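Student: The structure's right below; bear with me while I get my questions together.
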């Protein structure tokens, strides 16, 4: 069982859980005061896309996938972050 | 290509008898990635539409968001992450003949933890309906029910996929086709996790 659990993905799972708690704390009470939701929200989006990337690279094993497949995924992450932030700020 | 996993293959074939995939290995059948990226694009369009509508009525969306239970949303994220890592472990176990006996219980464990998402979501929906909140309450809740409902449908499909994968995981000598099917199904489940990682902050947190 140790051989199955001893993998980078286990470490990534801890990071993902930690980031989830950070995002939740930022969303509930970001500590920046009323009227300062924008920086907290942008940080939450950035953390979310970072988490998406970690899931793709380590859980879906795209880190060792052919460059084209990995490139499409990396492009999706960058595009999604840009789109979310642009729509959130300018829509 | 129906050679048994664990038996060395001839030149040109990927060696899957290791704990880690070979360099430049496509997880699952290549075709599954068309489905996965297609699904991700559909959700991306929905995210864009949601943010566009939010931009038109930011006050209504922020006020309505206050009625959501953020703790349940975060709990569901942890549930899906835990389910996903169990499926990662199952995939690793399936690749190694001496650990293959762990693949089925780990896959079923992933499905059991994943089913907690459905139970929590059912409780959350019940909470809303009991408070008189439905999709017709306002625009925010229409998008809340559509986005989370569509994702919930993916979770249920994913749980069915995991159940099918558990039977594959129980095979003593899976073929490379079985392995590719298992990897593809596992990637679908991880995509369900990935989508929730965006939906949770989008609907529940940012304002």
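The values are calculated or read from the model by the stated rules, or taken from the named source; none is laboratory data. Note that the coordinates shown come from a computational prediction; the quantities given were computed from them, not determined experimentally. Here Cβ is always computed from backbone atoms with ideal geometry, including for glycine, and neighbour counts include all displayed protein chains.
Student: Residues that are at pLDDT below 95 and either facing another protein chain (nearest Cβ under 8 Å) or not in a helix (DSSP H, G or I) (or both): does the range A:44-62 have at least one?
Tutor: So far as the range A:44-62 goes, yes, one or more of its residues are at pLDDT below 95 and either facing another protein chain (nearest Cβ under 8 Å) or not in a helix (DSSP H, G or I) (or both).
Student: In the range A:35-71, what residues are closer than 24 Å to residue B:85 by Cβ and over 12 Å from the mean Cα position of the chain (by Cα)?
Tutor: Answer for the range A:35-71, where residues must be closer than 24 Å to residue B:85 by Cβ and over 12 Å from the mean Cα position of the chain (by Cα): A:58, A:59, A:60, A:61, A:62, A:63, A:64, A:65, A:69, A:70.
Student: Out of all the residues in the range B:52-72, is one or more closer than 16 Å to residue B:154 by Cβ and either at pLDDT below 95 or buried (at least 16 other Cβ atoms within 10 Å of the Cβ) (or both)?
Tutor: No, the conditions are met nowhere in the range B:52-72.
Student: If you don't mind, another one. Can you find a residue that is buried (at least 16 other Cβ atoms within 10 Å of the Cβ), under 19 Å from residue B:186 (Cβ atoms) and at the interface with another protein chain (Cβ under 9 Å from one of its Cβ atoms) anywhere in the range A:20-27?
Tutor: No, because not a single residue in the range A:20-27 is buried (at least 16 other Cβ atoms within 10 Å of the Cβ), under 19 Å from residue B:186 (Cβ atoms) and at the interface with another protein chain (Cβ under 9 Å from one of its Cβ atoms).
Student: Among the residues of the range B:94-104, write down those that are farther than 17 Å from residue B:184 by Cβ and part of a helix (DSSP H, G or I).
Tutor: If the condition is that a residue be farther than 17 Å from residue B:184 by Cβ and part of a helix (DSSP H, G or I), then B:97, B:98, B:99, B:100, B:101, B:102, B:104 are the ones that fit.
Student: Another question, then. Do you know which residues across the range B:182-207 are at pLDDT below 95 and surrounded by fewer than 24 Cβ atoms within 10 Å (Cβ to Cβ)?
Tutor: Once the filter is applied, which keeps residues that are at pLDDT below 95 and surrounded by fewer than 24 Cβ atoms within 10 Å (Cβ to Cβ), the range B:182-207 yields only B:207.
Student: In the range B:55-90, how many are closer than 19 Å to residue A:38 by Cβ, at the interface with chain A (Cβ under 7 Å from one of its Cβ atoms) and free of Cβ contacts under 8 Å to residues at least 12 places away in the same chain?
Tutor: Number satisfying all stated conditions: 1.
Student: Can you name the number of the only condition in (1) farther than 22 Å from residue B:82 by Cα; (2) touching a residue at least 24 places away in the same chain (Cβ under 8 Å); (3) under 20 Å from the mean Cα position of the chain (by Cα) that residue B:152 fails?
Tutor: (1)
Student: Now, a different point. With the requirement that a residue be under 16 Å from residue B:202 (Cα atoms), surrounded by 22 or more Cβ atoms within 10 Å (Cβ to Cβ) and free of Cβ contacts under 8 Å to residues at least 24 places away in the same chain, what does the range A:40-84 give you?
Tutor: Hit for the range A:40-84 is A:44, nothing else.
Student: Quick check: anything in the range B:170-177 more than 14 Å from chain A (Cβ to nearest Cβ) and either part of a helix (DSSP H, G or I) or under 13 Å from residue B:83 (Cα atoms) (or both)?
Tutor: There is at least one residue in the range B:170-177 that is more than 14 Å from chain A (Cβ to nearest Cβ) and either part of a helix (DSSP H, G or I) or under 13 Å from residue B:83 (Cα atoms) (or both).
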